[in-house]
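Enquirer: To start, I am sharing the structure in question, which I have written as structure tokens.
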Protein chains: 4
Amino acid sequence: MKIGIIGATGYTGLELFRLLGQHPRRPEITVVTSRKEEGLALTSVFPALSGLANYDQLCYEAPDKKNLAGRADLFFLATPHGTAMELAPALLESGARVIDLSADFRLRESEVFGQWYQPHAAPELLAEAVYGLPELYAPEIKAARLVANPGCYPTSVILALAPFLKNGFMADDAPPIIADSCSGTSGAGRGATAGTSFCEVHDSFKAYKVVGHRHTPEIEQELSRLKGQSLTIAFTPHLLPLNRGILSTIYAVPSKGVQIDDLRDIYLKFYGSAPFVRVRPSGYEPQTSDVRGSNFCDLSLFYDQRAGLVKIVSAIDNLCRGASGQAVANMNLMSGWPEAEGLGLAPVRP
Amino acid sequence: MKIGIIGATGYTGLELFRLLGQHPRRPEITVVTSRKEEGLALTSVFPALSGLANYDQLCYEAPDKKNLAGRADLFFLATPHGTAMELAPALLESGARVIDLSADFRLRESEVFGQWYQPHAAPELLAEAVYGLPELYAPEIKAARLVANPGCYPTSVILALAPFLKNGFMADDAPPIIADSCSGTSGAGRGATAGTSFCEVHDSFKAYKVVGHRHTPEIEQELSRLKGQSLTIAFTPHLLPLNRGILSTIYAVPSKGVQIDDLRDIYLKFYGSAPFVRVRPSGYEPQTSDVRGSNFCDLSLFYDQRAGLVKIVSAIDNLCRGASGQAVANMNLMSGWPEAEGLGLAPVRP
Amino acid sequence: MKIGIIGATGYTGLELFRLLGQHPRRPEITVVTSRKEEGLALTSVFPALSGLANYDQLCYEAPDKKNLAGRADLFFLATPHGTAMELAPALLESGARVIDLSADFRLRESEVFGQWYQPHAAPELLAEAVYGLPELYAPEIKAARLVANPGCYPTSVILALAPFLKNGFMADDAPPIIADSCSGTSGAGRGATAGTSFCEVHDSFKAYKVVGHRHTPEIEQELSRLKGQSLTIAFTPHLLPLNRGILSTIYAVPSKGVQIDDLRDIYLKFYGSAPFVRVRPSGYEPQTSDVRGSNFCDLSLFYDQRAGLVKIVSAIDNLCRGASGQAVANMNLMSGWPEAEGLGLAPVRP
Amino acid sequence: MKIGIIGATGYTGLELFRLLGQHPRRPEITVVTSRKEEGLALTSVFPALSGLANYDQLCYEAPDKKNLAGRADLFFLATPHGTAMELAPALLESGARVIDLSADFRLRESEVFGQWYQPHAAPELLAEAVYGLPELYAPEIKAARLVANPGCYPTSVILALAPFLKNGFMADDAPPIIADSCSGTSGAGRGATAGTSFCEVHDSFKAYKVVGHRHTPEIEQELSRLKGQSLTIAFTPHLLPLNRGILSTIYAVPSKGVQIDDLRDIYLKFYGSAPFVRVRPSGYEPQTSDVRGSNFCDLSLFYDQRAGLVKIVSAIDNLCRGASGQAVANMNLMSGWPEAEGLGLAPVRP
């Protein structure tokens, strides 16, 4: 299997190299593109990768649609929002399959995409694109030409709530679910910005885009499908002074009489065969280091009896499970391989 | 003015030395106690303090009630919960005034204290103790013999909600207010524990005591007084990989028709003369580094129209505003000095 | 192949689980011991490992010599100094092979060990033990019953200097080589101590054991063998506020007329077939993140013409290359497998 | 006293605001300039400063030489290298005194400056400029019109070696002194660069500019003056994943028969009246957190008998003692105030 990575100078690209380099099926990376680093050797940009796979042989080229056709069976698009929808049609037409790590194909309706992002350049593909969350859409992913890899925050929130909503545990008159989420700084990308410079982030913590973060409609889309009716959430992202990790603390009012142990059983059943969701025992305090560098999503459930609320805490690695690890799981499914192939990496602790 | 610091080997004690050492009224520290470090020089335990004030002359002694009487006009109790209520009665009887940084005198009802902590050893003092939040209780603090210095999380949550509740902005049928709070690790104290060792905390983030943290009743007590009726909150603490700082993101359903700009005006009026609360302009994203090392509390207000929620974000330094800085402000008020005396320290950025 | 891990609650033990869990030869861990955690499930102590290999089935038992015999083909001793020399004789006698990650068998002479550590309990094994640095001792390691896995600092210093000393580049009248080394905090182990608590280490940097660190004789032993005559070094360790990584900056006066490019060629030749040493091109600034989580040692050479000094900078991950990764490489060699088997993990960046 | 701050958007500018805002002589900041932020309010760029001194009233203006004349008694130039030498002549001519925090006036010889930086635009001022290290040049600073505030690394190295060299402790045939220095990231400035973004620096450590860092000639100039003869050093800077702090570990071969306790006595005598140098007792392990946010320089001396080397470790806060704190000390001296006025801030621990 030949692989192309488009936009291979960011952190999701780098994480793809990490994961694909030790994948037992030995997919061969044949094309890597970057407008900015055109002509440079991959390992001069990422010296960490030297000595691994064929990485010392790879050079960046510009992402020219014509030159890409036929050179890979599967393309990962690790480009900024807005670029993937320009590239995907030609790549698909050339017969390749595409996993897009940007937001371009995550929303099913082009109007919604337009409201939150920009006018969509390939709206005809939105209906075809499969939302690449294996726990919910494995059969569709296997058959897909175009997979929209989920956002990092949405992955952490949707996995936390899927069994709850799917099984009707949300009270009918419940107030909006609240998702209070905190992400490591790699989620902001590799570009140098004042706000993500070391001295601004280190030893500090902040809320940002407190209202209106663009992951909101993606979360609502999937939660609404799970619940079977339209649903609004209150989502607040925060920036953590750490490299990798998202922790979401989610507040939901359950229907009356819900017992927390029953709820945990439902979660265990729902995720029984999922290799990457760990429903934790009572009292476990989720932490991002327990999933660092891995494709796991840890879930822990709590019932706050005094306030009448369920608190669900989920932890993922935003770069692995929240981006490139999930993309590799999707590649596995699309290739007929086991979902977990090459992703059984233990968390890196400490 | 002579000062005693009881339990002067923890981080709140250390922060008192930092603040008192540069206080323009030059309060003299005459007694420092520690059971564990009895006989040692203060600056051998805290070399950072060498060369400042009279700190190179101070030695730890054991906290013997009899020996303490008469040696200071004001005692700061920086001891663990349970110790202050043993010491305070004798110190008060000797004529000294007391600022207790532990939880021992924060709850007004001994039964509630008993439920969340342990049986109270000096319940007769609970009625007399003044809750040391200057923005709410300055007149009472000025006259107090015994001040219960607020907890760090409660300070961040109560200041964020006081104008909202006091002015009747909470909807009558509103669901419980949610306080999602994140604290730097100094809040866990200076003791060596497995959970707060560097490699466990660094580059990680976790929720802990997800249900039932002991700051809950303290927060509810004060919020209920502000609202004028009993109120329950859902409070979730988290541990941040940084030294100092608490950021609380608070979710409340407002009464209908509330405009966010009006609400901000109410906050500006409420805190108009408060030297340490900064009500931030629209769009400001609060961050703990903007208050690091200072006594400020930064507040920022947001309205999530889609979800119908007000989001209030507050940032403090847990050791300064959330503990020793607030204690010094209380000392100022008790001494007839301006509240801000010696506390006009700029945040330490970066 | 059956594996026993003795002292499996520390960070080197945890790293062994990470590496062995994805090793393609599927070594089976059959015994894990811990005095302190006897009876507990492995994944209750290390929840991060849940869902991997057979780790959810493993329970800690006490390290009883009698019970260990025959239950594994190879034992990793991840115990504190002083314990391995008590356990190793019986394990070897039972027919098992042993890789000791402590210092107990690293020094060839029992008197030297006695001077720096304590009287040796199994001095007869010192002559047999092989110093487990594959780049220098691969043939001996393959045949060894007992491998002394090198210390973390020594690994970083010896690899940096081996070609220099082996090829006679050190000036005859040169002053002592200086090794200024900085280690991440995981090198201090998993135990909770005041000095390694988060708030003491975070946002700080210190020198420690400035004179007399116990890795000094180990470094001198190996450097002297490389040079062919006795040699003294000045070694200064420092504590970094990060989890994993050692960077050593080494200062040596070369013999006259040495050209830095020639020296780099010598290094490239010396390490030509070594899978884990990356001799970096001119100007590369080594950083610990480029080897984080991997078994690589990055080396970069500089010539300071004004001062007449060669500066060699080496970077390793202290837990992987400096401990458990190297131990797995030794296991590979002892088992007749390629040295790099299961160790081709890309650095975890960011 | 009226103060102007030129280039007031960087970290040294920010630190000046922190220190001047609580200075008991209440110097009034009347002018703040920035090309980039012209027209913006100071506290919109640095919200942390809101509510302090007159900072909410200050706005950035462009640094126009003509407009600056007469508006301040003293100007701090916190500009990049190359700008100060353009501005200083006009400011001096207008009758103001100048403290330059850049490198422009630190080297006494314009040819040396030209070799390491660029041709000097105001060479006639080099002879007049006083090197602003109060422990060495207090009398000259008091009378100076133009003070060249020392570099951060040079401050840490020169203070560590001054008594050693001044008192003839360096062996005649000694090899070059080695200064292995590590700096927090604020030393790289506030600009956003790829190399100082959070995810590149956090949890990592690197050497940089391993040969040829531009602080080398500044260090050599001052050390040579202390020794009384020309001297070469080997200097290696490193980047620490922390905000503030420089730790220098310095290796020097002493003349024969030097006793470490005698040496410490010499240091104690040399710095006896210096308010900001703390010569630490035997065995103290210097750490940057012990000086964080303060103007102290901590010094600790060690003798490595086996290697025949003295190791001197110094710790400073690069932004305070290594830049703006030292600048304020110079302002104090130039104004006839005590050197330590307004600088008696305790280190911020943790």
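Enquirer: Looking at region B:240-252, can you tell me whether even one residue there is more than 30 Å from A:Asp290 (Cβ to Cβ) and either β-branched (Val, Ile, Thr) or over 19 Å from the mean Cα position of the chain (by Cα) (or both)?
Expert: Within region B:240-252, the first condition is being more than 30 Å from A:Asp290 (Cβ to Cβ), and the residues that meet it are B:252.
Those still in the list that are either β-branched (Val, Ile, Thr) or over 19 Å from the mean Cα position of the chain (by Cα) (or both) too: B:252.
Looking through region B:240-252, at least one residue is more than 30 Å from A:Asp290 (Cβ to Cβ) and either β-branched (Val, Ile, Thr) or over 19 Å from the mean Cα position of the chain (by Cα) (or both).
Enquirer: What pairs can you find where one residue is in region D:14-38 and over 14 Å from D:Ala329 (Cα atoms), the other is of a type in the set (Asp, Glu) and at pLDDT 95 or above, and their Cβ atoms are less than 9 Å apart, with a gap of 6+ or different chains?
Expert: Filtered contacts from region D:14-38: D:Val31/D:Glu61; D:Val32/D:Glu61; D:Thr33/D:Glu61; D:Ser34/D:Glu61; D:Glu38/D:Glu61.
Enquirer: For residues in region B:44-62 being touching a helix residue (DSSP H, G or I) at 6+ places or on another chain (Cβ under 8 Å) and hydroxyl-bearing (Ser, Thr, Tyr), which is nearest to the other protein chains (Cβ to nearest Cβ)?
Expert: Only one residue fits best here, namely B:Ser50.
Enquirer: Looking at (1) of a type outside the set (Asp, Glu); (2) out of contact with any helix residue (DSSP H, G or I) (no Cβ under 6 Å at 6 or more places or on another chain); (3) within 29 Å of D:Ser273 (Cα to Cα), find the lone condition where D:Ile158 falls short.
Expert: (2)
Enquirer: Hey, could you check region D:289-308 for residues that are charged (D, E, K, R) and either within 16 Å of the chain's Cα centre (by Cα) or more than 7 Å from chain C (Cβ to nearest Cβ) (or both) and say which is nearest to D:Val157 (Cα to Cα)? Explain how you work it out, then say what you get.
Expert: Here is the first cut: in region D:289-308, the residues charged (D, E, K, R) are D:290, D:292, D:298, D:304, D:306.
Checking which are either within 16 Å of the chain's Cα centre (by Cα) or more than 7 Å from chain C (Cβ to nearest Cβ) (or both) leaves us with D:290, D:292, D:298.
On the way: D:Asp290: 18, D:Arg292: 17, D:Asp298: 11 Å.
Per the criteria, the residue is D:Asp298.
Enquirer: In addition: Looking only at region C:104-133, how many residues end up being more than 24 Å from C:Ala274 (Cβ to Cβ) and either in a loop (DSSP other than H, G, I, E, B) or not hydrophobic (A, V, I, L, M, F, W, C) (or both)?
Expert: Narrowing region C:104-133 to residues more than 24 Å from C:Ala274 (Cβ to Cβ): C:104, C:107, C:109-128.
Going one step further and asking which of them are either in a loop (DSSP other than H, G, I, E, B) or not hydrophobic (A, V, I, L, M, F, W, C) (or both), we end up with C:104, C:107, C:109-111, C:114-115, C:117-124, C:126-128.
Result for region C:104-133: 18.
Enquirer: Suppose we keep only residues that are in a strand (DSSP E or B) and under 21 Å from A:Tyr117 (Cβ atoms) within region A:200-238. Which one would you say is nearest to the other protein chains (Cβ to nearest Cβ)? First the steps, then the outcome.
Expert: Initially, region A:200-238 is screened for residues in a strand (DSSP E or B), giving A:206-207, A:233-238.
The next check asks that each one be under 21 Å from A:Tyr117 (Cβ atoms); those that pass are A:233-237.
Numbers: A:Ile233: 7, A:Ala234: 4, A:Phe235: 8, A:Thr236: 6, A:Pro237: 10 Å.
So, considering only residues that are in a strand (DSSP E or B) and under 21 Å from A:Tyr117 (Cβ atoms), the one nearest to the other protein chains (Cβ to nearest Cβ) is A:Ala234.
Enquirer: Could you check C:Gly168 against (1) within 13 Å of chain D (Cβ to nearest Cβ); (2) in a loop (DSSP other than H, G, I, E, B); (3) under 23 Å from C:Val279 (Cα atoms) and say which number it fails?
Expert: (1)
Enquirer: Scan region A:72-80 and tell me whether some residue there is in contact (Cβ under 8 Å) with a residue 60 or more places away in the chain, among the charged types (D, E, K, R) and closer than 22 Å to A:Arg35 by Cα. If you could, list the steps in order and put the result at the bottom.
Expert: The initial filter retains those residues of region A:72-80 that are in contact (Cβ under 8 Å) with a residue 60 or more places away in the chain, namely A:72-80.
Of the ones still in play, those that are also among the charged types (D, E, K, R) are A:73.
Going one step further and asking which of them are closer than 22 Å to A:Arg35 by Cα, we end up with A:73.
Yes, that holds for at least one residue.
Enquirer: Still on this model: Please work out which residue is surrounded by the fewest Cβ atoms within 10 Å (Cβ to Cβ), limiting yourself to region C:174-195 and to residues that are over 19 Å from C:Leu101 (Cβ atoms) and at the interface with another protein chain (Cβ under 7 Å from one of its Cβ atoms).
Expert: If we take residues in region C:174-195 being over 19 Å from C:Leu101 (Cβ atoms) and at the interface with another protein chain (Cβ under 7 Å from one of its Cβ atoms), then C:Ala194 is surrounded by the fewest Cβ atoms within 10 Å (Cβ to Cβ).
Enquirer: Any residue that is surrounded by fewer than 21 Cβ atoms within 10 Å (Cβ to Cβ), of a type outside the set (Val, Ile, Thr) and more than 7 Å from chain A (Cβ to nearest Cβ) - is there at least one of those in region B:241-254?
Expert: Within region B:241-254, one or more residues are surrounded by fewer than 21 Cβ atoms within 10 Å (Cβ to Cβ), of a type outside the set (Val, Ile, Thr) and more than 7 Å from chain A (Cβ to nearest Cβ).
Enquirer: For A:Arg321, work out the one condition from (1) closer than 27 Å to A:Met170 by Cβ; (2) in a helix (DSSP H, G or I); (3) facing another protein chain (nearest Cβ under 8 Å) it doesn't fulfil.
Expert: Result: A:Arg321 fails condition (3) only.
Enquirer: Residue under question is D:Ser181, and the condition is that it be touching a residue at least 24 places away in the same chain (Cβ under 8 Å), within 19 Å of the chain's Cα centre (by Cα) and not assigned by TED's automatic domain parsing to the domain that holds D:Ser110; does it hold? Talk me through it step by step, then tell me what you get.
Expert: On the way: touching a residue at least 24 places away in the same chain (Cβ under 8 Å): yes; within 19 Å of the chain's Cα centre (by Cα): yes; not assigned by TED's automatic domain parsing to the domain that holds D:Ser110: yes.
In short, yes.
Enquirer: Follow-up question, since we're still on this one. Say we look at region A:263-288 and pick out the residues that are assigned to a loop (DSSP other than H, G, I, E, B) and charged (D, E, K, R); which of these is nearest to the other protein chains (Cβ to nearest Cβ)? Walk me through it before giving the result.
Expert: Keep residues of region A:263-288 that are assigned to a loop (DSSP other than H, G, I, E, B), which gives A:271-276, A:280-286.
With the extra rule that they be charged (D, E, K, R), the set shrinks to A:280, A:285.
Working: A:Arg280: 7, A:Glu285: 5 Å.
Here the answer is A:Glu285.
Enquirer: Taking B:Gly257, is it more than 14 Å from chain A (Cβ to nearest Cβ), surrounded by fewer than 24 Cβ atoms within 10 Å (Cβ to Cβ) and farther than 24 Å from B:Leu136 by Cβ? Steps first, please.
Expert: Working: more than 14 Å from chain A (Cβ to nearest Cβ): yes; surrounded by fewer than 24 Cβ atoms within 10 Å (Cβ to Cβ): yes; farther than 24 Å from B:Leu136 by Cβ: yes.
Yes; evaluated as a whole, the condition is true for this residue.
Enquirer: Is region B:309-317 home to any residue that is buried (at least 23 other Cβ atoms within 10 Å of the Cβ), of a type outside the set (D, E, K, R), assigned by TED's automatic domain parsing to the domain that holds B:Pro176 and assigned to a loop (DSSP other than H, G, I, E, B)?
Expert: Checked region B:309-317: no residue is buried (at least 23 other Cβ atoms within 10 Å of the Cβ), of a type outside the set (D, E, K, R), assigned by TED's automatic domain parsing to the domain that holds B:Pro176 and assigned to a loop (DSSP other than H, G, I, E, B).
Enquirer: Taking only region D:305-343 into account, find how many residues are over 22 Å from D:Ala78 (Cβ atoms), in contact with a Ser or Thr (Cβ under 9 Å, 6 or more places away or on another chain) and touching a residue at least 12 places away in the same chain (Cβ under 8 Å).
Expert: So the count comes out to 6.
The values are calculated or read from the model by the stated rules, or taken from the named source; none is laboratory data. In this text the structure is predicted, and so the values were computed from the model without any measurement. Don't worry about glycine lacking a Cβ; one is built from the backbone with ideal geometry, like all the others, and counts go over all protein chains shown.
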